[in-house]
Structure formats: structure tokens, C-alpha cells
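*Asks:* Got a structure for you, questions after.
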Amino acid sequence: MITCAWIILLGCSVVRHHLFQSGGYDLGIFDQSVYLISRGEVPFSTIRGIHILGDHAAFILYPISLLYRIFPSVYWLFGIQALALALGALPTYHLALQATIGHRQALFIAGAYLVYPAIFNANLFDFHPEVLAVPLMLAAVLAVRAGQVGVFYLCLVGILSCKAVLSLTVIALGIWLLIWEHRRVEDLWQKRCQVAGWMAVVLGSVWFVIAVFWVIPQFSGDAPAAISHYSYLGHSVVEVVQNLFFKPRLVGSRLVSLDTLFYLFLLISPLIWGLSWRHWDPLFPALPTLVLNILSSNPAYRDLVHHYALPIIPFLILATIENLRTISLNIRFMRMSLAWSILAFLALGKYGFFGSIYLNSLETWQATRQAIAQITSDGGVLTTHELSPHLSHRSVIYFTDESRMSQGLTSMQWDLFDYVLLNTRFPGWQSSGEFSKALVRELQRQEQFQLLYHRDGVYLYSRLRPFAPRAR
């Protein structure tokens, strides 16, 4: 099951990438940064405009860069992400066995995890380090229940290295271990469980303070970027936390709303057959992510299309296991439940994108491939959002952002670029056809650039060099 899931997830992300549907945000950011780390260079993302540690303090990117030293390729990121999501089924299976659920029933729960819509959808949304934390969260609980505290600590370090905000999940996990979970484990492991809970609280709290108030500002020169999604509560982490308590009406209107109810429905509907209010406590560690998603002004935080719901899924699975251990899992129940989960996947999974929006730019696919093949050096590149991940193995890569570049179109820093690759038919995210055509007209006036390739609305300009080939 894990192997098949990994192949499917990897295949889908690779096909999407080859159809030029991945993007600079966020695949290009991480691919460029990991590539620069592997070369011993400063991982400054020109797409994001900051050192990569100033983004989410994701130190996990440094060990990932070792793979790029073998061979620099974005497919490492696709493979790691797909493998992490698929591997979540393994601790799920063993957690079910620990709960005295039978082998077949445990396989059924692992299958329900694999067809949870957000697993498939998040895999399609480029690459994000926090995806790697999903199996680690499940493995951490498995380790505590088995009395393997050392493994638990390793899992915590892995989770914290994926994204700074996951420190809140680790803190909540520790509180859950101290209040609820230590009663479930064997008497022999209860003390270890309490020690593990305190360690999770301490490690999570310390890392939150270090990452949010030192690492991210040190490398970005500003507060965490995600704070902009909570600007109605304040412009710093301290202000947001204060207003959570001093402006309860603002928070309450977000927490109690139709939008929130619909989001909760989306989260629980694929596993509704296995959840019960009587066994809600395993959901406690998911509360920080759930509250942050609900309070965010960005609606992308409250869907199953993006990756923001992923830290909630492991604890939905734990709550499901905790409930199913108390009921009889006969064949009829499992068949109906699995049918429901598959139906939820068919309704909420974004596999249909491969027959719709992912084919939008197919008519320029061949021309784009030919143009990219003519970029033979690692000089700076300006291109579209969707093409930037195909050219991000360089120190300078930007994508055409109309909102940032339109005001200073004639005074752009062309000296940064050796190549400019544009698609006037499909200009990409944050751009328009008119803006792309305006860039082409500006390039025609730039004496240091020449047209190297043109076909089907795809333009490739290169910095003028002696004996450069003529335009085709």
C-alpha cells in the first residue's frame, strides 16, 4: 500500500511539474535554496527575497541538501514529499495494532489515511518541509506508547526542524501526554510518558521563542511573514497574542462562523464514520493548527487543497483509532466506511485538475521546452511563476510579478539577468498577457539583449554576447 501510494503521489507531482503547473511559490523557493546549500553558498531565495531560514526556520532543508550533492534535481523534493505522505500509513497501522485492533482492521485504517483528500492534494501543491512532519507526529505517539522515549525525542527534533510554527503543535502534544495519554500507556511506561510530555512542552516552547524572536528576524530582518495573515489582530507576534485575549469579539466572530463550520465539516467528513465526541482528546494537539487556520485572513488556510491542514490529520487518525478500539469492526462496517472515505476522496480530491486547469497551457508546451533547453548557463533568469522551478538552480531567479514590477518597468535592473523567458499567451500567476507583452517591448529596446528564441508566444531573450546565434 505504501509503495503504491508513493508511486502515485510521486507520479502525479512529476506530471504536474512537466506540464508547467508547479510554481515559484513555493517549489522554486525551496529548490533554489536547497541547491545553494548543497553548493556551500548562502541560501538566499531571490524569489522570496530572504535567507531561507528567515522564512520558516526550516533547518530540515540542510540535511535534504545532501541529496543534491549526489545529483541536483527538484525530483528529490518530489520523491521525499511523496514518501513522507505515504509513510504516514506505517505508524498508523502500528498504532491501530497497539490499540488491540486486528490486522485487517489496522490495514483498513491505514488505507483510510492514504485516501484522505488532503494527503493527495497537498502533494500536488509544490513542496513544503512541514509535510515531512506528518509521519513524524504519528511516529512520536507510537514511540511514547511503546516506551521508546529516545525515538520520541528524535521525532520531536524532526518536527521542529520542519517549520517554526509546529512548535505550537509540539507543545500541545506534550500537554496531551501529561493530561490524557499517560493514563492509556502501560503502568511501566507512565513515568516515561510524563517525562516525554514535559520535554515536548519545554522543547516546543524554547524553540518557538528562539525561532520566532531570533532566527527568523535575524535572517529576514522582520517578523514571521505569516503574521500578515493576522494583521487585523496586530503586526507582531506579541500584538497578536495580546489581542487574542484583549479583543475576544474579533476572535469570536472568526471562530463562530459559517466559514468555520464548513471548514470543520471538510476536515472530519472523510473520517466521520470513525470519530466520536466521547474520544475527542487525541485531537487536542491539533488545536493550535486548527485555531491558526480559522483565524487566518487567507481563505487558503481553510480548505483541503493546500497543505495547511496537514498537521491536523495525524490527530484525526489518532482520534479515529481511539474510537474504533471500543467498537466492533465487522466486515460490513469496514466496507461501508472505506466506501465513504473513497467517496470523500472522489468529491474533495483534486485529481480532476489533470484533465482541466493543468492542461491550459498545453499549446505552448513544446515551445516552452525548446526555449528552456537553450538556457545553458547558470546566469540570472527572469521568467514566469510557473517556469521558475524549472530554472531555479542558480543564484538569481525572479518571476514576473506585475504588482511589484509595473511601476518601475523601464528602470528594471536588467543587469541581474542573462536570460528572460516569457510566455505572452500564458503569462502565469501574478502577471497578465498585457504585462508580458510590455516586457517584450521593453526588451526590444534594451541594446544588451537579443531575441534568442520565439515560437507560439514564447520569447527567450539572452544577454548579447559575441557570436551569439540569431533568433529563430
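The values are calculated or read from the model by the stated rules, or taken from the named source; none is laboratory data. All values reported here derive from a predicted model rather than from experimental measurement. Cβ sites come from the backbone with ideal geometry, for glycine too, and all protein chains shown count toward neighbours. Areas reflect the complete protein model, heavy atoms only, side chains present, ligands, DNA and RNA absent. Shrake-Rupley method; radii C 1.70, N 1.55, O 1.52, S 1.80 Å.
*Asks:* In segment 323-468, what percent of the accessible surface is made up of carbon and sulfur (1.4 Å probe, ligands and nucleic acids excluded)?
*Replies:* 54
*Asks:* Once you have all Cα-Cα distances for segment 97-139, histogram them in 5 Å bins from zero and send the whole-percent values.
*Replies:* With 5 Å bins starting at 0, P(r) equals 5, 18, 22, 24, 15, 10, 6, 1.
*Asks:* Mind giving me the nanometre distance, one decimal, between the label points for residue 374 and residue 225, set 7 Å out from Cα along Cα→Cβ?
*Replies:* Going from the residue 374 label point to the residue 225 one covers 3.2 nm.
*Asks:* When the accessible area of segment 34-119 is computed with all protein chains present and a 1.4 Å probe, what percentage of it is carbon and sulfur?
*Replies:* Whole-percent figure for carbon plus sulfur exposure: 67.
*Asks:* Same structure, new question: Rounded to the nearest 0.05, what FRET efficiency is calculated for residue 258 and residue 346 with R0 set to 35 Å and r the Cβ-Cβ distance?
*Replies:* Computed FRET efficiency for residue 258 and residue 346: 0.90.
*Asks:* For segment 135-147, just list the computed ³J(HN,Hα) in residue order, Karplus coefficients 6.51, -1.76 and 1.60, θ = phi - 60°, integers in Hz, with x standing in for Gly and Pro.
*Replies:* Per-residue couplings from phi come out as x, 5, 5, 5, 5, 5, 5, 4, 5, 4, 5, 8, x Hz.
*Asks:* For the chain, with only Lys/Arg (+1) and Asp/Glu (-1) charged at the beta-carbon, what is the dipole magnitude about the Cα centre, in debye rounded to 20?
*Replies:* 700
*Asks:* So, with +1 on the Cβ of K and R and -1 on the Cβ of D and E, and no other charges, what is the size of the charge dipole of segment 28-154 about its Cα centre, to the nearest 20 debye?
*Replies:* 300
*Asks:* A follow-up question, please. Once the mean 1/r over all distinct Cα pairs of the chain is inverted, what Kirkwood radius in angstroms do you read off?
*Replies:* Radius from the Kirkwood sum: 23.9 Å.
*Asks:* Continuing with the same structure: How much of residue 71 can a 1.4 Å solvent probe reach, expressed as accessible area in Å² and rounded to 10?
*Replies:* Per-residue accessible area (residue 71): approximately 130 Å².
*Asks:* Based on the alpha carbons, how large is the Rg to Rh ratio for segment 288-331 when Rh follows Kirkwood?
*Replies:* Result: Rg/Rh = 1.17.
*Asks:* So how far apart, in nm, are the two label points at residue 70 and residue 247 if each is 7 Å from Cα heading toward Cβ?
*Replies:* 4.9
*Asks:* Let me check something: with ligands and nucleic acids excluded, how do 155, 4 order by accessible area (1.4 Å probe), largest to smallest?
*Replies:* 4, 155
*Asks:* How high is the relative contact order of the chain, given as a whole-number percent (alpha carbon pairs under 8 Å, six or more residues apart)?
*Replies:* Once normalised by length, the contact order is 17 percent.
*Asks:* Run the 1.4 Å probe and let me know the accessible area of residue 191, rounded to the nearest 10 Å².
*Replies:* 150
*Asks:* Run the reach check for residue 350 against lysines, Cα to Cα strictly under 30 Å, same-chain hits fewer than 8 apart removed. What comes back?
*Replies:* 163
*Asks:* Sticking with this one: How much net charge surrounds residue 266 when only other residues with a Cβ under 12 Å from its Cβ are counted (Lys, Arg +1; Asp, Glu -1)?
*Replies:* -1
*Asks:* Any idea of the accessible area per residue across the chain, 1.4 Å probe, to the nearest Å²?
*Replies:* Per residue, the chain has an accessible area of 44 Å².
*Asks:* Carbon and sulfur: what percent of segment 124-195's accessible surface (1.4 Å probe)?
*Replies:* 64
*Asks:* Given the -39500 (n - 2.57) contribution per DSSP H run of 4+ residues, what per-residue ellipticity at 222 nm results for the chain, rounded to the nearest 500 deg cm²/dmol?
*Replies:* It comes out at -16000 deg cm²/dmol, rounded to the nearest 500.
*Asks:* Take every DSSP beta bridge with both residues inside the chain and express the antiparallel ones as a percent of the total, to the nearest 5.
*Replies:* Around 70 percent of the beta bridges assigned by DSSP in the chain are antiparallel ones.
*Asks:* Find the percent of Cα-Cα distances in segment 292-443 that exceed 23 Å, and round it to a whole number.
*Replies:* The answer is 58 percent, as a whole percent.
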